[in-house]
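Student: My questions all concern the structure below.
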Amino acid sequence: FPSHDSGGGAGGMLTGTASLIQGSVYTITVSSGGAAGTPGPGTAQGSAGGTSSITGTPISSISATGGGGGGYEQSNAGTAGSPGGSGGGGGTYGAVGGSGTPGQGNNGGIGYQSGPSAYGGGGGGGASSAGGNANSPSTGSGGSGGNGTASSITGTPVTYAGGGGGGRYLDGTYGTGGTGGGGRGGEQGSAVAGGTAGLGGGGGGAGFYQVSGGSG
């Protein structure tokens, strides 16, 4: 059964300014976040988030890529995190994190395994920094999610696009979510946190096969 899942990557973040034209039509699409990986036999990797976009003159088209799903562990092997705006964390056994999209986010962290109870998933990447690697060989702690980036588009600074923390099995601690809506990872048998709605954060990775990961 899959277990010790990794954090999801944050959605891609783009910032900038443009002069809009009165009377023109602008289409803004805000996608949904990626679905959580589920426990049980078979593929349990979380899905990638959707692409958000703005189109219309003179913008033409601007697209932010959804975050990548985190990897997982199954049958003594880890799967890599998926690519995205920011990449998902890698599963255990040294699996690598997914790659982030240049200019939008960062890579996910690397998973780790060092014994029958020391398993940790990598953290998902965030807009400002890469996801953390699963911690030292003796603890198996989950990697922390990468931090997001602040924007004042609402009139006050708000931090967006934090990566999800990696889960851990028995030893160590779960990975914390990155600033900007990243969900924390889980521990054995405990629930995890999803990404905060409206901030583009990645979901936390599960710590045991009986618990689902967090959604983006």
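Student: For segment 193-205, what are the residues that are touching a Lys or Arg at 6+ places or on another chain (Cβ under 7 Å) and open to solvent by less than 30 Å² (accessible area, probe 1.4 Å)?
Tutor: Gly204 - this is the single residue of segment 193-205 that is touching a Lys or Arg at 6+ places or on another chain (Cβ under 7 Å) and open to solvent by less than 30 Å² (accessible area, probe 1.4 Å).
Student: Check Gly198, Gly205, Gly163 and return the single one that is closer than 16 Å to Gly84 by Cα and assigned to a loop (DSSP other than H, G, I, E, B).
Tutor: On the way: Gly198 fails: closer than 16 Å to Gly84 by Cα; Gly205 fails: closer than 16 Å to Gly84 by Cα.
Just a single option satisfies the conditions, and that option is Gly163.
Student: Checking Thr176 against (1) in a loop (DSSP other than H, G, I, E, B); (2) within 18 Å of Val30 (Cα to Cα); (3) of a type in the set (Ser, Thr, Tyr), which single condition isn't satisfied?
Tutor: (2)
Student: Let me spell it out: the conditions are (1) out of contact with any strand residue (DSSP E or B) (no Cβ under 8 Å at 6 or more places or on another chain); (2) open to solvent by 10 Å² or more (accessible area, probe 1.4 Å); (3) touching a residue at least 60 places away in the same chain (Cβ under 8 Å), and Gly124 meets all of them except one. Which number is the exception?
Tutor: Only one criterion is unmet by Gly124, namely (2).
Student: Filter segment 45-60 down to the residues that are within 26 Å of Gly194 (Cα to Cα) and assigned to a strand (DSSP E or B) and list them by number.
Tutor: Within segment 45-60, Ser52, Ser53, Ile54 qualify.
Student: When the residues of segment 65-79 are narrowed to those that are open to solvent by 20 Å² or more (accessible area, probe 1.4 Å) and either of a type in the set (A, V, I, L, M, F, W, C) or at pLDDT 90 or above (or both), which ends up nearest to the chain's Cα centre (by Cα)?
Tutor: Thr65
Student: Tell me, yes or no, whether segment 150-165 has at least one residue that is open to solvent by 50 Å² or more (accessible area, probe 1.4 Å), over 16 Å from the mean Cα position of the chain (by Cα) and of a type in the set (A, V, I, L, M, F, W, C).
Tutor: Within segment 150-165, one or more residues are open to solvent by 50 Å² or more (accessible area, probe 1.4 Å), over 16 Å from the mean Cα position of the chain (by Cα) and of a type in the set (A, V, I, L, M, F, W, C).
Student: So, in segment 166-192, exactly how many residues are over 19 Å from Gly111 (Cβ atoms) and under 14 Å from the mean Cα position of the chain (by Cα)?
Tutor: 3
Student: Does Gly213 count as closer than 17 Å to Gly8 by Cα, modelled with pLDDT under 90 and out of contact with any strand residue (DSSP E or B) (no Cβ under 8 Å at 6 or more places or on another chain)?
Tutor: Spelling it out, Gly213 is indeed closer than 17 Å to Gly8 by Cα, modelled with pLDDT under 90 and out of contact with any strand residue (DSSP E or B) (no Cβ under 8 Å at 6 or more places or on another chain).
Student: So, one more: Going by what's in this entry, would Ala161 be described as hydrophobic (A, V, I, L, M, F, W, C) and at pLDDT 90 or above?
Tutor: So Ala161 fits the description; yes.
Student: For segment 80-135, give me each residue that is modelled with pLDDT under 90, in contact with a Pro (Cβ under 9 Å, 6 or more places away or on another chain) and either among the acidic types (Asp, Glu) or in a loop (DSSP other than H, G, I, E, B) (or both).
Tutor: The answer is Gly91, Ser114, Gly115, Ala118.
Student: Which number in (1) without any contact (Cβ under 8 Å) to a residue 24 or more places away in the chain; (2) at positive phi marks the one condition that Ala77 misses?
Tutor: Going through the list (1) without any contact (Cβ under 8 Å) to a residue 24 or more places away in the chain; (2) at positive phi, Ala77 breaks only (2).
Student: Can you name every residue in segment 33-55 that is surrounded by fewer than 19 Cβ atoms within 10 Å (Cβ to Cβ), modelled with pLDDT of 65 or more and either in contact with a strand residue (DSSP E or B) (Cβ under 8 Å, 6 or more places away or on another chain) or of a type in the set (Val, Ile, Thr) (or both)?
Tutor: Once the filter is applied, which keeps residues that are surrounded by fewer than 19 Cβ atoms within 10 Å (Cβ to Cβ), modelled with pLDDT of 65 or more and either in contact with a strand residue (DSSP E or B) (Cβ under 8 Å, 6 or more places away or on another chain) or of a type in the set (Val, Ile, Thr) (or both), segment 33-55 yields Thr38, Thr51, Ser53, Ile54, Thr55.
The values are calculated or read from the model by the stated rules, or taken from the named source; none is laboratory data. Remember, predicted model here, so these are calculated numbers, not experimental data. Note that we place each Cβ from the backbone using ideal geometry, even for glycine, and neighbour counts take in every protein chain shown. Ligands, DNA and RNA are excluded from the accessible area calculation, which covers all protein heavy atoms including side chains. Shrake-Rupley method; radii C 1.70, N 1.55, O 1.52, S 1.80 Å.
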